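Before any comments, here is the structure.
The values are calculated or read from the model by the stated rules, or taken from the named source; none is laboratory data. None of the values given here were measured: they were computed from a predicted structure. Note that we place each Cβ from the backbone using ideal geometry, even for glycine, and neighbour counts take in every protein chain shown. We work out accessible area using only protein heavy atoms, side chains counted, and drop any ligands, DNA or RNA first. Shrake-Rupley method; radii C 1.70, N 1.55, O 1.52, S 1.80 Å.
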Amino acid sequence: MEELLRNITEFLESGEENLRKKRFNAAVSDFFKAIVISCDYLIYKEIKIMPKNHNERFSLLKIHFSSIYNKVSSLFETYVKSYNLRLKEKDSLILKNYAYELKNYISSKK
């Protein structure tokens, strides 16, 4: 579990660096990874299952954490756009804000 928390921090730091350097696609990717790892932490902490992939993660979120599922699934669309499109700072900031919100949420549940 501590590894997950360290990974969250690492991706948040990387996202911040990419944001400062105006690499918005890379920032979106890093912040989404921090979100995903936060979800994995929460899922494991609450139901003792470590998701193996996005499908399993989204399925577990939908069943056990519907409000988080709704937000993360909409952010997933932005993350996927980063593969083929040039994203803007606004996109990075939306993911950044939710990544920190989710990190604070799981920190309160320790």
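A few remarks follow.
- Per-region count, the range 38-55, residues open to solvent by 20 Å² or more (accessible area, probe 1.4 Å) and either closer than 21 Å to residue 76 by Cβ or aliphatic (A, V, I, L, M) (or both): 9
- Scanning the range 65-94 for residues that are touching a residue at least 60 places away in the same chain (Cβ under 8 Å) and of a type in the set (S, T, N, Q) gives a single hit, 92.
- Pick from the range 1-26, criterion under 19 Å from residue 109 (Cα atoms) and of a type in the set (Asp, Glu), ranking: surrounded by the fewest Cβ atoms within 10 Å (Cβ to Cβ): 2
- Taking (1) at pLDDT 95 or above; (2) under 18 Å from residue 104 (Cβ atoms) in turn, residue 29 satisfies each apart from (2).
- Meets criteria (surrounded by 12 or more Cβ atoms within 10 Å (Cβ to Cβ), over 25 Å from residue 3 (Cβ atoms) and hydrophobic (A, V, I, L, M, F, W, C)) for residue 75: no
- Scope the range 78-110; condition open to solvent by less than 50 Å² (accessible area, probe 1.4 Å), hydroxyl-bearing (Ser, Thr, Tyr) and in a helix (DSSP H, G or I); matching residues: 78, 79, 92, 98
- For the range 17-50, the tally of residues that are in contact (Cβ under 8 Å) with a residue 40 or more places away in the chain, within 25 Å of residue 84 (Cα to Cα) and of a type in the set (D, E, K, R) stands at 1.
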